[in-house]
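One structure is given below, encoded as structure tokens.
Rule-based calculations on the coordinates, nothing more; no lab input. None of the values given here were measured: they were computed from a predicted structure. When we count neighbours, we look across all protein chains shown, and the Cβ atoms used for this are built from the backbone with ideal geometry, even at glycine.
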Amino acid sequence: MIHFLPQRKNLVFFKNLLLRQIRQDYLENLTGFAWLIIQPLVLLAVYAFVFSKIFQARIPESGGVTFLPYLAVAFWPWAAFSESIIRASGSISGNSALIGKVAFAAELLPLASVSATFLMNAAGYLAVLVVLTLIGAPVHWLTLPLVIVLMLFWWLLAAAIALVVSTLQVFVKDVAQILPPMMTFWFFTTPIVYSAEVFPERISWLMNLNPAAWFVGWFRKLLLWGEWPSQWPILLVPVVIGIAFWLALRFFRRFAGHFEDFL
């Protein structure tokens, strides 16, 4: 049986890793923290201009929602998701000095990286929601508790993928070059800068195979339209993601014993 974080020392070590990751990536210099806010805002502005003005992207007419909040509510969680996976992919190879020399659960490295990225991006997401409210977008703040729960499962999916890709990168160095364009492809095949309704009905079923599309849809339903889930099938997605994380953890631990030989 796999036990996740079975010892108190692993919890303490995870906390230290998390704090170190936040300090190194965001807090040790002003530009690191500022860029956390500025970069997604710049990308958001570029995508909003290109797709709303140049390509004339259309969204479903509902509740007075314009293109900017429609994009922003989905774009920021994706930014956290994508950045966390890319950062965590090198967490094992980047900490080779610890592997085999310090007794700890190696999976804590990618998990701490994913967690730090999500925590810091959560601050940016909250700031975006406040700005959207100030400019008159219909943000439904009462749904925020459920959005937080949804974000936790979004984190769990990112963590599962991070465990797999961080393992692969130890043995296949090309993962570092392959992963960013793959995440870009995933971004454009997810209805973030467009509506899922643009797909013809005969291929719309493909969207059901994209877990990111499900999350994006519910971030919008909760925050922009205030829709609460009312049907039990929504519970299947968290169960599937939980199983995916468990399998990813098993995969990681299956190969963790060989990391030292390849680092």
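Working note: Karplus 6.51/-1.76/1.60 with θ = phi - 60° gives the stretch 249-254 the couplings 5, 5, 4, 4, 5, 5 Hz, where Gly and Pro are set to x.
Would you order 143, 167, 184 from fewest to most other beta-carbon atoms within 10 Å of each residue's own beta-carbon? Don't jump to the answer; show the numbers that get you there.
Values: 143 20, 167 25, 184 11.
Going from least to most buried by this count: 184, 143, 167.
Reducing the stretch 201-222 and the stretch 233-263 to their Cα centroids gives an inter-centroid distance of 23 Å. The phi-based Karplus calculation (6.51 cos²θ - 1.76 cosθ + 1.60; θ = phi - 60°) puts the 3J(HN,Hα) values of the stretch 141-158 at 5, 5, 8, 4, x, 6, 4, 5, 4, 4, 5, 5, 6, 4, 4, 4, 5, 4 Hz, whole numbers, x for Gly and Pro.
Between residue 50 and residue 225, the C-beta separation translates, for a Förster distance of 25 Å, into a calculated FRET efficiency of about 0.50. When the square roots of the Cα gyration tensor eigenvalues are ordered a ≥ b ≥ c, the ratio a/c for the stretch 71-127 is 1.5 or more and a/b exceeds b/c, which makes its shape prolate.
What whole-number volume per residue, in cubic angstrom, does the convex hull of the C-alpha atoms of the chain give?
Residue-normalised Cα hull volume stands at 153 Å³.
Of the cross-linked pairs 101/173; 9/221; 15/221; 15/173, those separated by over 30 Å at the C-alpha level are 9/221; 15/221. What does a probe at residue 96 reach in the stretch 144-180, counting residues whose amide N is under 18 Å from the point 7 Å along Cα→Cβ? Hits in the stretch 144-180 for residue 96 at 18 Å: 166-177.
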